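Read through the structure below, which is laid out as structure tokens, and then see the notes.
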Amino acid sequence: MSQMMLCTLGDSVALYNNINNNDTNNNSTESPQLPTIYRCRAPIASIEFMEELSETGGSSRQLTPGLRYRNLGKSGLRVSNIGLGAWATFGGGVTESEAEAIVEAAYYAGINLFDLSEAHSGPRAEIELGQILKRKAWKRTSYVVTTKVYFNSKSEERGLSRKHIIESVKASLQRLQLDYIDVVILHKCDPMCPTEETVRAMNHVISQGWAMYWGTAKWTPVEIMEAYSNCRQFNCITPIIEQAEYHMFCREKAELYMAELYNKIGVGLVAWSPISMGLVTTKSSTEDSSAQILSRSALKHNKYTSFSWSEDETQTSNKDSTKEGCCGKEKSNMGQAERLRLVEAIAERLGCSLTQLSIAWASKNDSVQCLLLGATAVQHLYHCIHSLQLVPKLNPGVMSELEKALENKPARAPMVSTLALR
């Protein structure tokens, strides 16, 4: 009886038919030979292996070690945990052939998310990426394109009104030469426009098939919750991601609030600026390799950093840094330099560069579903994405050393009882 309990339903029916056939045809008094019953299940391939196999099957794409695919927010859209940001590749200083080589190298390495921003690189980035995608003729289902709407460094038009959102999305589609944009991101919250108008406009954009999803960038948790509440109230499609700055000196928003937003309303985190938005950099190999602190005004024309800033964002960087809990004026550059030297010593012991350690440290956060990287050369891209192999080495001991070196782990303010305030 115990053996019969282990059989599946199909095995039980087959065994029953076998016994009846032996009794009626052979009329033998001998008991029928029972089939062998295995008490263990067949080995099942791991979910991660099946995902990688489905992503690379039938193509020449080979995944970089450590590259994984995750759902963006609580949607069904799957993206690589490393994305290519276009602000460095198409922001100036890189030729069209070099930019195409970077995009191709990223695609064949397994990266499927390409992020654009009209604020950083203007319409030129969308035009060049659209031309590259058209020449390569890759399957549209194999890559994800995200672009931002709010303002343009080359134009005075800005805001999140219905008129500006629809006009910007249509213009982006023409420049990209695509039928739809995967994720349209609203870059900054517009205090002059009602939230209801913004969410209704995004719902219209998705209903028309011009975009599949929408998200936010540089919004506060309160603004994100307000947008979500309006979507639920007016039966509109809710945002799925928030793009936030996250690096060793900007941790509060990503570590304290994004996990809560994901669990409560399904908004995921796409992190940008993992190497301190150009604040952390090293000189070339022919010069001293010690860490430096660069002023944000010098980032636009810096040769060795992988990020560029528009004049508009540079002027408002101090206000945004304070709002998002980043390093502000209260921390001197000398203090940051001392901490960077300690972090660089840990990187040397691990056998990696300071940039690779910064990227691996940001990828270690489970709340980060995709980490955006910029590259000005193919070798620069490989240098960055190979840092994923460093993530398993960041054990609790190494992370504790980094925390002691940084001394800036964010913590929530203690809750104060209303009775105590009386």
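Which residue out of Ile102, Ile181 is within 30 Å of Ile359 (Cα to Cα), touching a residue at least 60 places away in the same chain (Cβ under 8 Å) and open to solvent by less than 50 Å² (accessible area, probe 1.4 Å)? Going through Ile102, Ile181 in turn, just one is within 30 Å of Ile359 (Cα to Cα), touching a residue at least 60 places away in the same chain (Cβ under 8 Å) and open to solvent by less than 50 Å² (accessible area, probe 1.4 Å): Ile102. When Lys404 is tested against the conditions (1) within 21 Å of the chain's Cα centre (by Cα); (2) surrounded by fewer than 16 Cβ atoms within 10 Å (Cβ to Cβ), the lone failure is (1). Please work out which one of (1) in a loop (DSSP other than H, G, I, E, B); (2) buried (at least 19 other Cβ atoms within 10 Å of the Cβ); (3) at pLDDT below 95 is the condition Gly92 fails and give its number. Here Gly92 clears every test but (2). Exactly one residue out of Arg158, Arg140, Arg124, Arg135 is modelled with pLDDT under 95 and within 30 Å of Tyr382 (Cβ to Cβ), and it is Arg124. Scanning the range 338-372 for residues that are under 24 Å from Ala101 (Cα atoms) and either open to solvent by 10 Å² or more (accessible area, probe 1.4 Å) or part of a loop (DSSP other than H, G, I, E, B) (or both) returns Ser353, Thr355, Gln356.
Specify the residue that is surrounded by the fewest Cβ atoms within 10 Å (Cβ to Cβ); the eligible residues are those in the range 234-256 that are within 12 Å of the chain's Cα centre (by Cα) and charged (D, E, K, R). Restricting to residues being within 12 Å of the chain's Cα centre (by Cα) and charged (D, E, K, R), the top hit is Glu245.
So which residues in the range 212-237 are out of contact with any Leu (no Cβ under 9 Å at 6 or more places or on another chain) and under 22 Å from Leu371 (Cα atoms), if there are any at all? Matches in the range 212-237: Lys218, Thr220. Going residue by residue through the range 52-67, is there one that turns out to be open to solvent by less than 50 Å² (accessible area, probe 1.4 Å) and either at pLDDT 90 or above or closer than 30 Å to Cys189 by Cβ (or both)? Yes: one or more hits.
Filter the strands (runs of 3 or more DSSP E) completely within the range 165-274 down to those with at least 1 residues that are more than 25 Å from Ile132 (Cα to Cα).
Details: elements: 181-187, 211-217, 241-245, 268-272.
Ranges flagged: 211-217, 241-245, 268-272.
Here Ser207 fulfils each of the conditions (1) surrounded by fewer than 16 Cβ atoms within 10 Å (Cβ to Cβ); (2) in contact with a helix residue (DSSP H, G or I) (Cβ under 7 Å, 6 or more places away or on another chain) apart from (2).
The values are calculated or read from the model by the stated rules, or taken from the named source; none is laboratory data. From a predicted model like this one, the values you see are computed outputs, not experimental measurements. Cβ: placed from backbone, ideal geometry, glycine included. Neighbour counts: every protein chain shown. Accessible surface is based on the protein model in full, side chains and every heavy atom, while ligands, DNA and RNA are left aside. Shrake-Rupley method; radii C 1.70, N 1.55, O 1.52, S 1.80 Å.
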